[in-house]
Structure formats: C-alpha cells, structure tokens
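**Q** Below is the structure I would like to discuss, written out as structure tokens.
All of the numbers you see were taken from the coordinates with simple rules; none came from a lab. These numbers were taken from a predicted model, which means no experiment stands behind them. Here the Cβ is made from the backbone with ideal geometry for all residues, glycine too, and neighbour counts use every protein chain on show.
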C-alpha cells in the first residue's frame, strides 16, 4: 500500500492507474478509523479496481470553538487498518498541502445544508463541500463512498455532484453500530463511561420512533415529542435537535408518508453525537 | 462541426475524443461572437487537438436588474463563425439543461472577486465561478481560454482552479480592439452612434495612463484623478469605477511598481463597458 502526502503524488498514481484502464474508488475520511469506515472501504473494494482512502481532519469544516485541535488522530493505526483491508493507497495531506496561502474558494450548497447540523454548525457544510470538491478533483474517482450516519452530508454531496456536473457516483453505506446499538463515531472516544451508557438513548429513541410508526402513528410532531421526552429523561443528555424531514430535500414535514428522515443530535457532556434512521410509513 | 444541446451529448463526444488520446480545449462564451472570441478560438486551436466552444448566456451571473433577457443572441451566426474557425464542437445548452429544478450549489471565490465588477455586480462572479466549474466538469478540458478584457474574471478563475485543484490550464488572451481602440464586446451593439464615439474615452484613458507612467508618474492616486477628469469631460460617460490594483490579488495600491492593473467600468447611456490595461513601472 502507498501512503501519499502531496496532491502531485496522488495525481501521478491515479494517472498510472487510469492508463491501465482501472476504475478508482475514493473513501474520504477524517481518520481515526473504525468499522464504519471499514464498511465503506469494503463496499469500495467490491465495486472498484483501486481504492484510495483519504485521511484529512479538514479545518474548514470546524467552527473556531469546535474540536479541530483535539479531534482524535492516529495515522499509524489507520495505515495498518487500511492496509489490512487491501486498500491500494492512502492520501493523508497536511493542512498546508490542501489550503495554501491565499486560499479563498468555497463550494456552498444552499437549501439542504441549512437545517440540522448546518444550523447548529454554521459553515460546516461549506467546509465539507469544499474539501470533497478538492478531493474529487485530485482523485477523479469513478465512485465515492460515504456513511449514512452523516445523512445530511450525503444529501449535500449528492446535491452538489448533480448541480455541478461532477462525474462521480456517490454511494452511501448503512450505519455500523456497536452491539448495544451505539452508532460508531470517532468522537465516541470522548465519552466517559457514564456518558457512553447515556448515549444509548439515541438508538433507543430511533427504535421507539419506528415502533410508533409501526403502531400507526403518522404525526411527526407526536413522534418528536415522544422522543424528546425519552431523551430528556436521560440526565446526561442535552438535545441539539430532534427533526423529522423529507428525503432528499430535508424539508420539515407534518405527516409521515413514504420514507422520511428522523435525525438526532444530542450532547453528552462536551461530546455532540448524531444518529438517524429512515422511518417508513 | 457538431452542435450539442445536452450535457450527455458533450460527455459522450469528449469520451470518444479522449479514447483517441487527444487533448481538449474549451472556450467558454456567452455567444454573439466577435473577433475577441475568435482570438480565443485560434489560441485554443493552436494548442489543443480538439476545441469545443460553449455558448451559454448564464442567468446566474446577471443581477435581476441587468440585461439577461436582452443580452444579444444569434446562435445561427455564431455556429457559422465557429465552424469557419475549424472548431470541432459547440455546446449550446438551454438554461434548464444547466440549472435543473432545485439547483442550489454555488462556487464562491472570496477576496479577488469582491472589488471592481464584484462590487458593482453582487453575485456576478459567484455565477461565473459556478457555471465555469460546471463547464469544466462537463468537458474536462486540458486547457480553457479566457479574454483579458475580463481581467478580474481571469484572476477569479485562476484562483478557483488553484484552490479547488481543478486539472485545467487557464490561458488568457490579449484584448482585441477595433481600429479606433474600442475593445470588442458583445454589448457594443447596445451603443448609439454618439455613445459609440464617446466610448473611445476608455481606450484614450488607458493610453493616457501609460504615458503618465512613462513620464515618471508613480502615484496611483494622481493617475486615477487624471483619468477621472478625462472621462468626466465626456458628457455621455458615467464612471462606475476607475481603479489601480495589484496583480494577481487585486488589492488597492498607492505606488505603481512592477506590473499593476488599471481597470475601468463606465456607463454610456444604459450600456456598461469595461476595459483595462497593465501599467508597467
């Protein structure tokens, strides 16, 4: 497996892969890899000849008061995990390689990026759309793989790819969970033992909502209220949002019909976790 | 010569060109072609195997109160001109082909896009950067050709290409002028006979500034004042801006040293014309 730190190295690798007529899959990550990332890698391996994993904690998608500095990093461990998975290359640039002096171009996806995490984290999706555009332009992948845990991110990127005529297929892969239901996240390492236990309320809430829909409840408001009550009963949990929205436009809805998104963001201590599920009625 | 109306047609043409190992040059235009555009085409023909000219009056780069509806169009004449020039293909999509329902992704180049025309025409360069990104993603050209008459546009696009890692070489081509000095522009057709005569003050002013620099003047303020006086002496002229800025960052400067940009935007009746020149000290 090759480890690249510069754009030029990646370009020359991709050119040689292309000359052999092989297809390329990109798995963009911020590193500190877990089984969720590896499920993206496996999906990419299944459908592309060559897989490149990018590992880059992207500064432009963090607010100044967020955890950019402390975001967990362990490149050595990531390299070992990715090599075991049979990936051909890692692209792990420094911030200066991606954002040179005078950098001032950004990709903005309006609409779908403005609710949920876009409302809680202003500028977050601008940073995501910008870095993903850069990665697409550097790697020129046939397909790119994203986790459904960041459901809104997937919607933002699909919108961007369609709007800007990018030639890449976006493939989203189901959430991977711990045995007890907690969605895998690099930020789970921030949790104390008590917070880790409290965070199970996320998965419990998603399950509860599904049950309610199965029992015939169709009012988004009723279900949200039930979930808010459930989460508020957990003393260590602080709700950021509980929303039920249309897919793929992420507009508020009143009546649950067809497939809709239930999305949660909740703080446990200093750690903000997200989770989501599709409700089907 | 082929005339394409859809993205899919262009993609399939470009794929076949690529399979033959040929290089592709793109000349993005808004049509109503003149010798300025044709000089871009000639430059593209010189350096690329296959040249595609896009003809698209891009709605997102016009303000609601600007001349999008009335902007001159004559596709039949454009097709003939481009065919004569030996171009392989035209891409002339309808607005709906480029901006489908729900379109909501934009490319913003901050900094260099905020002065000059960016100040006079809010949103203009966002529209330009967005449509040029789309065209680059559709055509995937090796090189793209832009006129120096839109000097700021060239700086915005070069910045965008560098920042977003786009794999295209940006080539800028000198301004083409009428014999009497008026820079060619599709908007020149708007001018009445008197306005056409008055508009010569633009070229006269650029010339005057060069003379002043040659005579040893180094104060940007002095030169601007002299030019403003010259333009104000022309009763049909209304100044939008007269600026002397650094290259390529387009920052205000006080002392002329090295190469700097003198940029003019002046209205003659309802018609806003721009012109510019590099001053060398």
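**Q** Test of understanding: ordering A:179, A:9 by Cβ neighbours within 10 Å, fewest first, what list do you get?
**A** Ordered from fewest to most neighbouring Cβ atoms within 10 Å, A:179, A:9 come out as A:179, A:9.
**Q** Tally the DSSP beta bridges in chain B and give the antiparallel ones as a percent, rounded to 5. Intermediate results must be reported in sequence, preceding the final value.
**A** Working: 22 of 41 bridges.
Bridges in chain B are about 55 percent antiparallel.
**Q** Let me ask you something else. Which three extents, in whole angstrom, do the alpha-carbon atoms of the stretch B:186-276 cover along their principal axes, largest first?
**A** Extents along the principal axes, in whole Å: 38, 25, 16.
**Q** Taking every DSSP beta bridge with both residues inside the protein assembly as shown, roughly what % is antiparallel (nearest 5)?
**A** 55
**Q** Roughly speaking, what % of Cα-Cα pairs in the protein assembly as shown are separated by over 48 Å, rounded to a whole number?
**A** So the pairs more than 48 Å apart make up 22 percent of the total in the protein assembly as shown.
**Q** Cut-off 18 Å, label point 7 angstrom out along Cα-to-Cβ of residue A:249: give me the residues of the stretch A:214-242 whose amide nitrogen falls inside.
**A** Those under the cut-off are A:220.
**Q** How far apart, in nm, are the 7 Å Cα→Cβ label points at residue A:12 and residue A:76?
**A** 2.8
**Q** First measure r as the distance between the Cβ atoms of residue B:278 and residue B:197, then evaluate 1/(1 + (r/R0)^6) with R0 = 22 Å and state the FRET efficiency to the nearest 0.05.
**A** Plugging the Cβ-Cβ distance into 1/(1 + (r/R0)^6) gives 0.25.
**Q** What average number of partner chain Cβ atoms lie no more than 10 Å from the Cβ of the residues making up A:162-169?
**A** That works out to 6 on average.
**Q** Please give the average number of partner chain Cβ atoms lying within 10 Å of the Cβ of each residue in B:97-107, rounded to a whole number.
**A** Taking the mean over all residues of the peptide, I get 6.
**Q** Here's a follow-up. Rg/Rh for the stretch B:17-97: what does it come to with C-alpha atoms and Rh from Kirkwood?
**A** 1.01
**Q** How big is D, in µm² s⁻¹, for the stretch A:57-190 by Stokes-Einstein at 20 °C and 1.002 mPa s if Rh is the Kirkwood radius over C-alpha pairs?
**A** Values: Rh = 16.4 Å.
Value of D from the Cα-based Kirkwood radius: 130 µm²/s.
**Q** Same structure again: Identify the residues of the stretch B:88-105 with backbone N under 17 Å of a label point that sits 7 angstrom from the Cα of residue B:5 along the Cα-to-Cβ direction, or state none.
**A** B:90-100, by backbone N distance to the label point.
**Q** Any chance you could list the semi-axes, whole Å, largest first, of the equivalent ellipsoid that the Cα gyration tensor gives for chain A, using √(5λ)?
**A** Whole-Å semi-axes of the equivalent ellipsoid: 33, 20, 18.
**Q** With labels modelled as points extended 7 Å from the Cα through the Cβ direction, what inter-label distance (nm, one decimal) is found for residue A:23 paired with residue A:178?
**A** 3.6
**Q** If you don't mind, there's one more thing I want to ask. On a 0 to 90° scale, report how tilted helix A:75-84 is relative to the longest principal axis of chain A, with both axes built from alpha carbons and the result rounded to the nearest 10.
**A** Computed tilt is about 80 degrees.
**Q** So how much slack lies between residue A:187 and residue A:34, counting 0.36 nm per residue of separation and subtracting their Cα-Cα distance, in nm?
**A** The span from residue A:187 to residue A:34 would gain 54.0 nm if fully extended.
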